[in-house]
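Worksheet: one structure, shown below.
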Ligand SMILES: Cc1cc2nc3c(=O)[nH]c(=O)nc-3n(C[C@H](O)[C@H](O)[C@H](O)COP(=O)(O)OP(=O)(O)OC[C@H]3O[C@@H](n4cnc5c(N)ncnc54)[C@H](O)[C@@H]3O)c2cc1C
């Protein structure tokens, strides 16, 4: 078994692992990125919606962008539709595979090494090193580094302690022409306690999916048969992808010589399940701490604890607010959701939505909760 060395080992070449690698390699560190798949961006399960803010901050190139999105339609359980349109783009749809490849290419250009087809089977921290055991082309190999970064996404069977709660995100690509808005569908029959979506990609195809606590395949099958969907559907590619989405942070995202970033750490918007933006933001925090550790030659647990303190102060209020909204939403009956959409069409919700931010939802959640309570919308239904 050979032993090979890097300054930093990154486990997982998703967008967050590769972005972390890019920033560290740019600063002159020797970075090794280990990816179990045979290609970058392979079999990704993601709708690819990112905000304008994310696009600008992280310099997402034009080649990766499929289209801007200016309008969202929300459908109530009875099919009542609320459309919200903005003159400027609300968000962008990106090609997630190309996006992942672009970030990884940037990392490699800065000198990082990507090991494909290389599954990390075990990690350990001992003798002043972060160590991994990998399996690649049938062979066992061992690598070590001064510091490790786990960016494996949310996998139910990996070596990280998981958040207690998670949901399933299931999706398929479908031929459907003439869809220009993001469509969001609510209702117990569609996605109890969550939502389903139709998201246009290239003018002829859309991504159709939903988030649910259980029975994802069953709900998707029913959703594809929903009259609002089925009558517009030509074919779907039968390739259905389903993955868990964390609904909260992991108990601890650091240790001596180690940080955990991205979806693996639970850095995800609990309202929508979107994880690209928060993950990228938090990876930059991780990079600053890793660089500090290298500068001071200090890889102690105390040094890396700072990473968790900073990232939590930046996004944890959003994670908690999103969970609060989910709890509230899960208690609504289909009738109440109908009433809510109806109310939004007539009354004060649209101005609040207009002022809201695509990535930061805490303020809108508080404003909406206050408005709904003041209008006694929920109370009326419960009594
Ligand atoms: C249906 C669905 C739709 C979504 N839509 C959106 C959206 O529109 N916008 C948005 O922002 N987010 C969305 N998300 C969430 C988004 O996809 C994730 O938050 C994002 O991929 C997280 O990036 P990551 O780099 O942390 O993890 P990942 O993208 O999961 O990357 C982890 C990488 O690590 C590799 N890996 C795992 N274990 C090992 C191992 N042991 N050894 C080596 N390699 C390993 C994996 O193969 C993978 O390549 C969606 C999620 C789902 C399920």
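Listed values, structure above:
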| item | result |
| --- | --- |
| Hey, residue 38 surrounded by fewer than 17 Cβ atoms within 10 Å (Cβ to Cβ) and more than 22 Å from residue 4 (Cα to Cα) or not | no |
| Unmet criterion (only one of (1) within 27 Å of residue 223 (Cβ to Cβ); (2) more than 9 Å from the ligand (Cβ to nearest atom); (3) touching a helix residue (DSSP H, G or I) at 6+ places or on another chain (Cβ under 6 Å)) for residue 183 | (3) |
| Boolean, residue 131 is within 11 Å of the ligand (Cβ to nearest atom), assigned by TED's automatic domain parsing to the domain that holds residue 278, assigned to a strand (DSSP E or B) and touching a strand residue (DSSP E or B) at 6+ places or on another chain (Cβ under 9 Å) | no |
| Answer from 172, 136, 152 - the residue that is assigned by TED's automatic domain parsing to the domain that holds residue 230 and touching a residue at least 12 places away in the same chain (Cβ under 8 Å) | 172 |
| Candidates 60, 103, 93, 72, filtered to the one that is under 17 Å from residue 20 (Cα atoms) and either in a strand (DSSP E or B) or out of contact with any strand residue (DSSP E or B) (no Cβ under 7 Å at 6 or more places or on another chain) (or both) | 103 |
| Residue in segment 26-33 that is assigned to a loop (DSSP other than H, G, I, E, B) and under 27 Å from residue 229 (Cα atoms) present | no |
| Matching residues, segment 93-118, being more than 23 Å from the chain's Cα centre (by Cα) and farther than 19 Å from residue 143 by Cα | 109, 110 |
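The values are calculated or read from the model by the stated rules, or taken from the named source; none is laboratory data. Please read these numbers as outputs of a predicted model, since none were measured by experiment. Note that we place each Cβ from the backbone using ideal geometry, even for glycine, and neighbour counts take in every protein chain shown.
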